[in-house]
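These notes concern the structure reproduced below.
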C-alpha cells in the first residue's frame, strides 16, 4: 500500500485562486487543480492508495474552519486523510487539539515561514508539548521555502532547538528535513527523534513559464546519491514518502523514488509501512 504523506488541497470555491497565487509566488508549475477530486484523479493514475492532506492556517481565525473541513474529509473515508491545522497565535491550542484528537485526527500541520514565527518560539513549543501529551504528531515545513526567499523560520538550527526543548514530541520534518538546507540537516538532526518526509526533494523543480527560474542551480533539488545518503543517515524507518502534490506529479515522483538504489525493504517502509504506523495504528 502506497501512502503519500504530504499533499495539499483547497476548497473547490477557492482552489483556482489559491493555486494561481502560490504558483506566482513560487514560479513553479502545479500538476493538479488543487481540489480533492483533482488529487484523487492523480492518485488513481499513480497507484497511490492514500494521501495525507496537510492544511496550512495562515491566520489564527482560520484554524477552526480548517479543522472542521479536516474532520469532514476524514469522515468520507475516500482515500484521503487530513491532519488539522494549527497557528502559533491561536489562543487555545490545547482545547482545539483535544477536539481534533476526539475526532480521530492524528496530528496538526504548521508552517513557520507562512506563519511568520520561528520554530523554536515558545508558541510552537506549546503546540509540540500539547501534541506530545495527546499522542499526536506535528508535521512542519522545514528549511527554506521556494515562495518566500530568505525566510529562515524553519532553519535546521531552529528546529534543533525546538526538538531539544520538547524531545518527546513526534515531529515530522517536510522536504527531507530542511529544503535546500540539507548540509545543516546532516550535521544537526540525525541524533534527534525527528522523522523526514520526501516531498519536493527529488529531481528538479518545474518552472511555471514566467522566466523567474532559469538556471539548473535554481531548479535542482537533492541528487539521487545525496537523497539515499540522507535516508541511510537517518534510517529508512524514519522516512515517509511524500510528493507535495499539486507541486509535483505523483506518478512521476513515485517513478523517481522507485529508481533510487535503496533496498526493497527500505522502499516498502518509506512508501507506506512507516506512514501506516502513524496514521492507522
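For (1) at pLDDT 95 or above; (2) closer than 27 Å to residue 9 by Cα; (3) part of a loop (DSSP other than H, G, I, E, B), each residue gets a yes or a no:
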position	(1), (2), (3)
211	no, yes, yes
217	no, no, no
226	yes, no, no
229	yes, no, no
256	yes, yes, no
266	yes, no, no
272	yes, yes, no
279	yes, yes, no
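Please go through segment 104-124 and pick out each residue that is surrounded by 19 or more Cβ atoms within 10 Å (Cβ to Cβ), over 10 Å from residue 88 (Cβ atoms) and either in contact (Cβ under 8 Å) with a residue 60 or more places away in the chain or in contact with a helix residue (DSSP H, G or I) (Cβ under 8 Å, 6 or more places away or on another chain) (or both).
Passing the criteria: 105, 106, 107, 108, 120.
Restricting attention to segment 62-85, which residues are in contact (Cβ under 8 Å) with a residue 60 or more places away in the chain and buried (at least 22 other Cβ atoms within 10 Å of the Cβ)?
Of all residues in segment 62-85, those in contact (Cβ under 8 Å) with a residue 60 or more places away in the chain come to 80-81.
Result: 81, single match.
Name the residues in segment 222-235 that are over 22 Å from residue 193 (Cβ atoms) and free of Cβ contacts under 8 Å to residues at least 24 places away in the same chain, would you?
223, 225
Just to be sure before I move on: is residue 89 surrounded by fewer than 20 Cβ atoms within 10 Å (Cβ to Cβ) and either in a helix (DSSP H, G or I) or touching a residue at least 40 places away in the same chain (Cβ under 8 Å) (or both) in the structure I sent? If you could, list the steps in order and put the result at the bottom.
Working: surrounded by fewer than 20 Cβ atoms within 10 Å (Cβ to Cβ): yes; either in a helix (DSSP H, G or I) or touching a residue at least 40 places away in the same chain (Cβ under 8 Å) (or both): no.
Criteria not met by residue 89.
Hey, does segment 55-76 have a residue that's closer than 30 Å to residue 254 by Cα, under 15 Å from the mean Cα position of the chain (by Cα) and part of a strand (DSSP E or B)?
no
Looking for something assigned to a loop (DSSP other than H, G, I, E, B) and surrounded by fewer than 20 Cβ atoms within 10 Å (Cβ to Cβ) - is there at least one such residue anywhere in segment 192-200? First the steps, then the outcome.
To start, the set of residues in segment 192-200 that are assigned to a loop (DSSP other than H, G, I, E, B) comprises 192-194, 198-200.
Still in the running and surrounded by fewer than 20 Cβ atoms within 10 Å (Cβ to Cβ): 192-193.
Yes.
The values are calculated or read from the model by the stated rules, or taken from the named source; none is laboratory data. If you're wondering where the values come from, they're calculated on a predicted model, not measured in any experiment. Backbone-built Cβ (ideal geometry, glycine too); neighbour counts: all protein chains shown.
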